[in-house]
Amino acid sequence: MRRRSVLQLLAAGATAAVLSPATSARASTANDSGRRKLRIAIVGLGGYARYATERLLAARRAELAGFVTGDAAKGRDFAGRFDRPQAPVYSYEDFDRLAADERIDAVHLCLPVGLHAEYAERALVAGKHVLCEKPLAATSAEARRVTALARERSRLLMPAYRAWYSGALQAALGRVRGGEWGRLVAIDAHKGFPMALPAGDWRFDPALAGGGALFDIGPYSVQLTRWAAGSLPARVRAIRRSDPGDPRFARVESHLAWLMEFPDGAIATGSASWRYHLQNHARFGLERAWLRLEPATPGIGERLFVGAGDPARVEELLLPIQDQLPRMYDDFAEAALTGGTPQVSAEEGIADLVVLEALARAAAEDSTVEVQGVTG
Ligand code: NDP
């Protein structure tokens, strides 16, 4: 049976059973003995690539096969560190030569956001499948263009939304959308940390980052909110803050807070921040219960609390700890190798950009913005 994408599930009115952790565990528990693995090159060897590469080694259906970097010495260092001394190391200038390299099936783009679309397009043209870091591109128009190209080239393009592969998050979504405790009334999702990077980092350059805290840290809470609500918001409002005394925040916001209204009446609040002390949590207010994910979207180690019935009773659901990245790589690999459908579709990446853009515009114009659909 072909797996259905997140958007398809939500459009179909996903039930607890459909969104259960067992669904997302399927790729990782597949019996892959004797089947070949998807060979992935990591592109852009920065902070996140280091973490992701290590987790790729734990995947069952995917394997580390090469590197693309502007720094050849760093490439060789990665190859040695991750026990792939023979793995090819490409430069960005050489990138298009990947087309002739049969040792590599796919790339994982860990580049600054403003480069995602360009390198996704070049990889697709080179015949490679693409796993792309969040957000999928710097604009929804770019994301739509790359999605169309992937379809045209019959290659898989998947946003690297690791949080979907969290059992705790799936358990929360299953309960929120399952109906046992009534309808969803409110969602409140916050994520942020004090920004420590120095001026000059790409995250403070709108051309390379797409936006500020909203585009960097906002996608986690935005996607979680969308998944819980089961649709795009109908309209949004937002307020942003910067710090005129800090050159890093001269062109991008350091904090943005939002209000979203969904077609079924659910209302969401939340924020993305480079200013407050570590926050990473989401609360779901249902008619007869509340759920709290805290932490909500770390790479591993989410916790789910439930309050239902007796007001004094708070239960922590003890769920098995699941490492999101190997599960994400396995789902991507299974779909790429079999021509199947991954759990997170490219349209998911467009949906988040549509919301991010609406929030950025609402903040800039100090107005209520109607949200356009994924198809634009
Ligand atoms: P870094 O700045 O640490 O790394 C980015 C890397 O991209 C650089 O090290 C460099 O690698 C390469 N690069 C190519 N061109 C440029 C350029 N013009 N300016 C700067 N770097 C360039 O960023 P992160 O690793 O933190 O983020 C990379 C991606 O991963 C982003 O899309 C981000 O949103 C995402 N991310 C995802 C997370 C998640 O949990 N899913 C967590 C953190 C980030 P080289 O020297 O090898 O060329």
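The table below gives the values:
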{"quantity": "J(HN,Hα) series, the stretch 208-225, from Karplus relation 6.51 cos²θ - 1.76 cosθ + 1.60, nearest Hz, glycine and proline x", "calculated": "8, 10, x, x, x, 4, 4, 7, 7, 10, x, x, 4, 6, 5, 5, 4, 5"}
{"quantity": "At 1.002 mPa s and 20 °C, Stokes diffusion of the stretch 103-233 via Kirkwood alpha-carbon radius, µm² per second", "calculated": "130"}
{"quantity": "Extension gain (nm, one decimal) between Ala289 and Arg251, 0.36 nm per residue minus Cα-Cα", "calculated": "9.5 nm"}
{"quantity": "Cβ-placed point charges (K, R +1; D, E -1), dipole of the stretch 102-163 about Cα centre in debye, nearest 20", "calculated": "120"}
{"quantity": "Test item: Cα-centred dipole of the stretch 138-214, Lys/Arg +1 and Asp/Glu -1 on Cβ, debye", "calculated": "360"}
{"quantity": "The stretch 44-99 and the stretch 156-214: distance between their alpha carbon centers, rounded to Å", "calculated": "26"}
{"quantity": "Globularity ratio of the stretch 29-165, using Cα Rg and 2.2 N^0.38 Å", "calculated": "1.00"}
{"quantity": "Mean shadow area of the stretch 150-213 over all directions, Cα convex hull, nm²", "calculated": "8.2"}
{"quantity": "Length-normalised contact order of the chain in % [C-alpha pairs under 8 Å, at least 6 apart]", "calculated": "21"}
{"quantity": "Extended-chain gain in nm, criterion 0.36 nm per residue less alpha-carbon gap, Arg97 and Tyr276", "calculated": "60.0 nm"}
{"quantity": "For the chain, with +1 on Lys and Arg beta carbons and -1 on Asp and Glu, the positive-most of Leu156, Ala213, Ile42 along the dipole", "calculated": "Leu156"}
{"quantity": "Between 0 and 90°, nearest 10: helix 47-56 axis offset from the chain longest Cα axis", "calculated": "80"}
{"quantity": "Residue exposure sequence - Glu63, Glu315, Glu93 - by fewest surrounding Cβ within 10 Å", "calculated": "Glu93, Glu315, Glu63"}
{"quantity": "Gaussian network model of the chain, Cα within-10 Å springs - most flexible of Lys128, Lys74, Lys191", "calculated": "Lys74"}
{"quantity": "Over the stretch 114-259, relative contact order from alpha-carbon pairs under 8 Å, at least 6 apart, %", "calculated": "20"}
{"quantity": "In order through the stretch 332-346: 3J(HN,Hα) via Karplus (6.51 cos²θ - 1.76 cosθ + 1.60), integer Hz, x for Gly, Pro", "calculated": "4, 5, 4, 5, 5, 6, 9, x, x, 10, x, 5, 10, 8, 4"}
{"quantity": "Mean projected area (nm²) of the alpha-carbon convex hull when the stretch 177-310 is viewed from all directions", "calculated": "9.1"}
{"quantity": "From the C-alpha gyration tensor of the chain, square roots of 5λ in Å", "calculated": "32, 25, 19"}
{"quantity": "The stretch 217-368: relative contact order in percent, alpha carbon pairs under 8 Å with at least 6 residues between", "calculated": "22"}
{"quantity": "Neighbour-count order for Met328, Met158, fewest beta carbons within 10 angstrom listed first", "calculated": "Met158, Met328"}
{"quantity": "Magnitude of the charge dipole, the chain, Cβ model with Lys/Arg +1 and Asp/Glu -1, debye to 20", "calculated": "720"}
{"quantity": "Neighbour-limited loop hits for GluC sites (Glu not before Pro), the stretch 122-208 (at most 16 other Cβ within 10 Å; DSSP other than H, G, I, E, B)", "calculated": "Glu180"}
{"quantity": "Cβ-based exposure ranking for Val125, Val374, in which fewest neighbours within 10 Å come first", "calculated": "Val125, Val374"}
{"quantity": "GNM result for the chain, Cα springs below 10 Å: residue of Pro320, Pro295, Pro159 fluctuating most strongly", "calculated": "Pro320"}
{"quantity": "Global size of the stretch 63-108 as Cα Rg and Dmax, reported in angstrom", "calculated": "9.9, 26"}
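Values in this text are rule-based calculations from the coordinates and carry no lab data. What you see is a predicted model, and the numbers here were worked out from it, not measured in a lab. Virtual Cβ from ideal backbone geometry, glycine too; neighbours counted across all protein chains shown.
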